[in-house]
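*Asks:* Sharing a structure here in structure tokens format.
The values are calculated or read from the model by the stated rules, or taken from the named source; none is laboratory data. Fair warning: this is a prediction, and the values are worked out from it, not measured in the lab. Cβ coordinates were reconstructed from backbone atoms using ideal geometry, including for glycine residues, and neighbour counts include every protein chain displayed.
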């Protein structure tokens with residue numbers, strides 16, 4: 001089968017299509033004929049070798065990608081409720097290939113495109129995990145530092161559907177997007193706590209917060225909420241924060257997949273997609289992700 005690969009660590013130009021061995025569905029997995037794959041910041045970091053020990057080389061070509069959507073063509077042992085021909089989306093490894101296996105997945109409604117399905121996998125799980133960790137509920141205010149990216153726009157919408165008021169930080173160019181989604185926008189940087197207080201104008205609601213940016217806002221978020229257990233960060237791994245750190249190693253919220261797919265199908269959730277590119281332009285997709293200036297997700301279509 002054809003697959004996107006890189007034989008060495010490096011910049012986006014190391015990515016190229018090549019031949020690879022077909023995977024097969026193991027216990028609890030499904031294999032899909034891949035139709036769309038999301039490109040996440042972690043994909044670029046893994047390709048660059050940012051997490052590899054210094055001087056270490058790849059022993060074999062690596063296929064990038066974690067989030068995909070497609071049509072089931074093989075069902076693993078123990079999987080119930082799925083059959084060949086079903087439209088699905090979910091998470092796996094090495095998914096930027098004509099065939100890929102998913103370990104966490106859900107049915108994709110006919111009203112939802114493959115591109116939308118691939119785009120929401122990681123962001124839906126992450127956003128729902130944050131809300132679950134915060135025990136976020138109706139009547140609270142959620143402050144989101146870094147609200148205009150994939151996780152941020154998803155978190156804003158899911159929080160509002162739970163009945164929360166949302167304040168989100170973004171560059172001024174993206175404030176209209178946050179307003180469209182229903183959030184109160186403000187800017188990044190020092191003085192965040194005061195800006196949030198002014199926006200809320202003494203509402204007196206209980207505050208919870210999420211740090212998606214990792215730009216040093218956690219102390220102010222804790223000041224705002226009055227309790228470090230009411231602040232979750234997915235971006236500050238310094239080991240010096242009192243906030244709840246959630247890096248995805250435990251407490252995954254895969255139940256979010258089915259819930260968000262149903263919301264998209266009902267027209268109650270907007271999937272924010274920055275670009276859809278053919279997988280032959282994967283290098284351009286990785287370059288865009290690394291720029292830090294995308295709004296929403298970048299998706300590759302697989303021929």
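*Asks:* Check whether at least one residue in the range 59-73 is surrounded by 14 or more Cβ atoms within 10 Å (Cβ to Cβ) and farther than 25 Å from residue 277 by Cβ, and report yes or no.
*Replies:* Checking the range 59-73: not a single residue is surrounded by 14 or more Cβ atoms within 10 Å (Cβ to Cβ) and farther than 25 Å from residue 277 by Cβ.
*Asks:* Still on this structure, please answer the following. Give the residues of the range 176-193 that are surrounded by 13 or more Cβ atoms within 10 Å (Cβ to Cβ), touching a helix residue (DSSP H, G or I) at 6+ places or on another chain (Cβ under 7 Å) and either assigned to a loop (DSSP other than H, G, I, E, B) or outside the structural domain of residue 142 (by TED's automatic domain parsing) (or both), sorted by residue number.
*Replies:* 182, 183, listed by residue number.
*Asks:* Does residue 213 satisfy the condition of being part of a loop (DSSP other than H, G, I, E, B), modelled with pLDDT under 95 and buried (at least 17 other Cβ atoms within 10 Å of the Cβ)?
*Replies:* yes
*Asks:* Could I ask something else about it? Tell me, yes or no, whether the range 152-160 has at least one residue that is surrounded by fewer than 24 Cβ atoms within 10 Å (Cβ to Cβ), assigned to a strand (DSSP E or B) and touching a helix residue (DSSP H, G or I) at 6+ places or on another chain (Cβ under 8 Å).
*Replies:* no
*Asks:* When the residues of the range 287-303 are narrowed to those that are over 14 Å from the mean Cα position of the chain (by Cα) and surrounded by 24 or more Cβ atoms within 10 Å (Cβ to Cβ), which ends up farthest from residue 173 (Cα to Cα)?
*Replies:* Only one residue fits best here, namely 302.
*Asks:* Can you tell me which residues in the range 161-174 are surrounded by 14 or more Cβ atoms within 10 Å (Cβ to Cβ) and over 20 Å from the mean Cα position of the chain (by Cα)?
*Replies:* Those that are surrounded by 14 or more Cβ atoms within 10 Å (Cβ to Cβ) and over 20 Å from the mean Cα position of the chain (by Cα): 164, 165.
*Asks:* Kindly provide the set of residues from the range 223-244 that are more than 20 Å from residue 196 (Cα to Cα), in a loop (DSSP other than H, G, I, E, B) and at pLDDT 85 or above, ordered by number.
*Replies:* Hits for the range 223-244 are 234, 235, 241, 242.
*Asks:* If you don't mind, another one. Among the listed residues 83, 50, which satisfies the condition of being free of Cβ contacts under 8 Å to residues at least 40 places away in the same chain, loosely packed, with under 15 Cβ neighbours inside 10 Å, more than 16 Å from the chain's Cα centre (by Cα) and over 26 Å from residue 255 (Cβ atoms)?
*Replies:* 50
*Asks:* So which residues in the range 8-28 are more than 28 Å from residue 296 (Cα to Cα) and touching a strand residue (DSSP E or B) at 6+ places or on another chain (Cβ under 8 Å), if there are any at all?
*Replies:* 18, 19, 20, 22, 23, 24, 25, 26, 28
*Asks:* Let me ask something else. Mind listing just one residue for me: the one in the range 222-234 that is closer than 23 Å to residue 124 by Cβ and over 18 Å from the mean Cα position of the chain (by Cα) and, of those, surrounded by the most Cβ atoms within 10 Å (Cβ to Cβ)?
*Replies:* Here the residue is 231.
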